[in-house]
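Notes follow once the structure below has been shown.
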């Protein structure tokens, strides 16, 4: 049995309501017609060339990604440019494209929620709640028992898919940690949040030099968290399996797969 793209969109809206998306976001249907027939869905973090080729090679009808392809304005979708080439290939291959971005970050079993589950956090709360009080960006919770920062970093490395940059840590290896704040994806904008400052460690991605340095120096003066920086792609890839499972319950006759392709942009590092 197949479903229409409109049917799939209804299921996506039920799981990740567009009302939960940030105002600057561009979640939703990017390419495809609501009447298109959908038999197979492939989930991925990024709509990049290798993922599109995988989708087309496996007769996928809908590529459902976390990151919107057209998040920032474009003036051309000519096929000799990255975004144009992706859209051209998908349209020619009769494969629709849909993104669930910040609307999939804020829900209970969204990107941060799943990350928290896989780390075994308890008493989990939203780090930055929305007006409804139940959804929002990031999560904060407690480990089942205290551990060292070094051991936690190794645990995170086991949970995440491998990437070239691995897990970077700012803090003493033997520091005891128990209260954990985290934000899947880029989260240095939350370094000043009360839930972050009161945690023993903050886990996120894309920590830039100055915000990270200032946070650590402030912690030396007035107390605050150690920092763990992980791959943006890896932290959000964790969500895909649960998303596929949830979609499968609502659309049981669909063939739903998760891409295992690594779309983290870094290929290798050189240590000195």
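The values are calculated or read from the model by the stated rules, or taken from the named source; none is laboratory data. Just so we're clear, the structure is a prediction, and the values are computed from it rather than from any experiment. Cβ placement follows ideal geometry from the backbone for every residue including glycine, while neighbour counts extend to all protein chains displayed.
Annotations for the structure displayed:
- Meets criteria (in contact (Cβ under 8 Å) with a residue 60 or more places away in the chain and either farther than 16 Å from residue 119 by Cβ or touching a helix residue (DSSP H, G or I) at 6+ places or on another chain (Cβ under 6 Å) (or both)) for residue 271: no
- Checked against (1) touching a residue at least 40 places away in the same chain (Cβ under 8 Å); (2) out of contact with any helix residue (DSSP H, G or I) (no Cβ under 7 Å at 6 or more places or on another chain); (3) not in a helix (DSSP H, G or I), residue 195 passes all but condition (3).
- When 164, 153 are checked against the criterion of being more than 13 Å from residue 138 (Cα to Cα), surrounded by fewer than 16 Cβ atoms within 10 Å (Cβ to Cβ) and modelled with pLDDT of 95 or more, 164 stands alone in meeting it.
- Taking first residues from the stretch 122-138 that are free of Cβ contacts under 8 Å to residues at least 24 places away in the same chain and partners that are surrounded by fewer than 18 Cβ atoms within 10 Å (Cβ to Cβ) and assigned to a strand (DSSP E or B), the Cβ contacts under 8 Å between residues at least 6 apart in sequence or on separate chains come to 122/142; 122/144; 123/142.
- Elements of type helices (runs of 4 or more DSSP H) contained in the stretch 1-119, each with 1 or more residues being more than 29 Å from residue 202 (Cα to Cα) and in contact (Cβ under 8 Å) with a residue 40 or more places away in the chain: 5-15, 49-57, 82-92
- Only one entry of 139, 179, 197 meets the criterion of being within 20 Å of the chain's Cα centre (by Cα) and either loosely packed, with under 15 Cβ neighbours inside 10 Å or within 19 Å of residue 112 (Cβ to Cβ) (or both), and that entry is 139.
- The listed residue being in contact with a helix residue (DSSP H, G or I) (Cβ under 6 Å, 6 or more places away or on another chain), outside the structural domain of residue 123 (by TED's automatic domain parsing) and surrounded by 15 or more Cβ atoms within 10 Å (Cβ to Cβ), out of 207, 190, 251: 251
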